[in-house]
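Everything below concerns the one structure shown next.
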Amino acid sequence: MNTFEVNKLVRQNIQKMKSYSSARDEFKDFNTEMIFLDANENPFENGVNRYPDPQQNSVKLALSELKNVNANQILLGNGSDEVLDLLFRAFCEPNIDNVITLPPTYGMYGVLADLNAIENREIVLNSDFQPNINAIFESVDANTKIIFLCSPNNPTGNSFSDTAISELLDNFNGIIVLDEAYIDFSERESWLTKIEKYPNLVITQTLSKAYGMAGIRVGILYASASIIAIIKKIKLPYNINVLSQNKALKRIMDSDKNSSEIELILDNKRKLVEQLYQIDFIEKIFPSDANFVLIKVDDASKRYNQLIDFGIVIRNRTNQLLCENCLRITIGTNLENEKLINVLQTL
């Protein structure tokens with residue numbers, strides 16, 4: 001049984017360091033009508049002349065209510081990539097520690113491992129795109145700090161079984177990062193409901209996919225308050241600008257719009273998949289819990305270039321493990337999907 005102790009995983013220099021304290025950390029009530037002469041700002045009001053809330057409290061409170069998670073269990077980053085990078089910086093000692101990833105998966109895990117001089121031990125998914133639990137545990141050693149799980153997975157689109165995730169959480173004494181970037185498109189329940197049960201569980205989500213906010217770069221990390229406190233020590237003080245915070249808050253509060261767009265995307269996906277089955281050079285359509293589908297074709301590079309010639313850009317995944325001759329198609333508008341099908345029928 002897991003006997004997880006987060007403080008034993010933290011890098012020694014991170015344990016000893018003191019985080020930077022900005023002017024807005026020291027006087028927190030900056031929404032109150034005051035004369036602010038503390039942060040060396042330009043005093044002439046233009047909407048962005050003041051520093052943003054370094055803790056993004058308004059956005060966190062909105063997420064706390066929406067997701068039923070305590071605000072002190074939330075950390076926001078400049079996209080999910082920043083919060084993932086912070087995990088490496090907080091818990092992985094360069095040139096000593098290692099992490100485990102499960103290709104085919106999101107490529108930034110490996111990039112961030114290289115960036116932070118951390119060994120990336122790749123354990124390929126099985127033929128059903130599920131984690132190979134035995135191989136994962138055979139690769140774990142005393143310096144394995146993090147296992148990255150992407151569910152629903154990118155680029156395959158499928159979700160990992162609850163049994164596999166539970167087994168890893170119960171038996172790994174490091175951190176399990178569960179990337180739920182696409183969870184809003186899935187019928188499966190988010191693992192956020194189990195944050196209290198598993199102290200080693202870290203969940204990342206994003207406003208880039210279902211919320212339609214890719215351009216503002218806001219990623220979300222959910223974890224125990226103790227893990228959040230460690231990561232906050234090394235977070236840059238003003239990592240989310242005021243425009244992004246305001247836009248994020250407005251979108252989070254508009255739950256009806258979010259729900260209607262998700263429903264429309266899923267409906268468009270069902271229609272698109274039905275039509276893809278009629279294309280004779282498509283050999284397989286993989287099950288998807290995301291806002292994209294992975295398809296296997298006769299010649300992925302050929303079909304990718306043909307679509308480019310017709311002004312349609314999809315993703316060629318043929319060079320990824322287990323994805324030979326596979327293309328990934330994001331679900332577009334009904335009109336975009338119709339154009340895609342019309343072109344595919346002519347090839």
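The values are calculated or read from the model by the stated rules, or taken from the named source; none is laboratory data. In this text, all values refer to a predicted model and were calculated from it rather than measured experimentally. Here Cβ is always computed from backbone atoms with ideal geometry, including for glycine, and neighbour counts include all displayed protein chains. We work out accessible area using only protein heavy atoms, side chains counted, and drop any ligands, DNA or RNA first. Shrake-Rupley method; radii C 1.70, N 1.55, O 1.52, S 1.80 Å.
Remarks
- 29 Å Cα cut-off, lysine pairs counted over region 1-142 (separation 8 or more, or different chains): 9
- Amide N of region 131-172 lying under 19 Å from the label point, which is placed 7 angstrom from the Cα of residue 233 along Cα→Cβ: 145-146
- Here the extension length gained between residue 13 and residue 163 equals 50.4 nm, from 0.36 nm per residue of separation less the Cα-Cα distance.
- Cys residues of the chain counted as unpaired, since no other Cys beta-carbon is under 4.7 Å: 92, 150
- For the chain, the longest principal axis of the Cα atoms and the long axis of helix 162-171 meet at an angle of about 40 degrees.
- Close amide-amide hydrogen proximity is noted between residue 146 and 100, 175, each under 5 Å apart and 5 or more residues distant or on a separate chain (H modeled in the peptide plane; Pro and chain starts excluded).
- In the full protein context, region 198-347 carries 49 Å² of accessible surface per residue, based on a 1.4 Å probe and ignoring ligands, DNA and RNA.
- Residues of region 114-183: accessible area per residue with a 1.4 Å probe, Å²: 36
- Choice from 147, 314, 295 with maximal GNM fluctuation in the chain (Cα, 10 Å cutoff): 314
- To put it simply, the accessible area of region 194-317 at a 1.4 Å probe is 52 percent carbon and sulfur.
- Cα centroid separation, region 148-185 to region 72-106: 14 Å.
- The residues of region 1-50 have, on average, 84 Å² of accessible surface per residue, using a 1.4 Å probe with all protein chains present.
- Fully extended contour minus Cα-Cα distance, from residue 32 to residue 120, at 0.36 nm per residue: 26.9 nm
- Derived scalar couplings between HN and Hα for region 225-230 equal 4, 5, 5, 4, 4, 5 Hz in order, rounded to whole Hz, by the Karplus curve 6.51 cos²θ - 1.76 cosθ + 1.60 (θ = phi - 60°), x for Gly and Pro.
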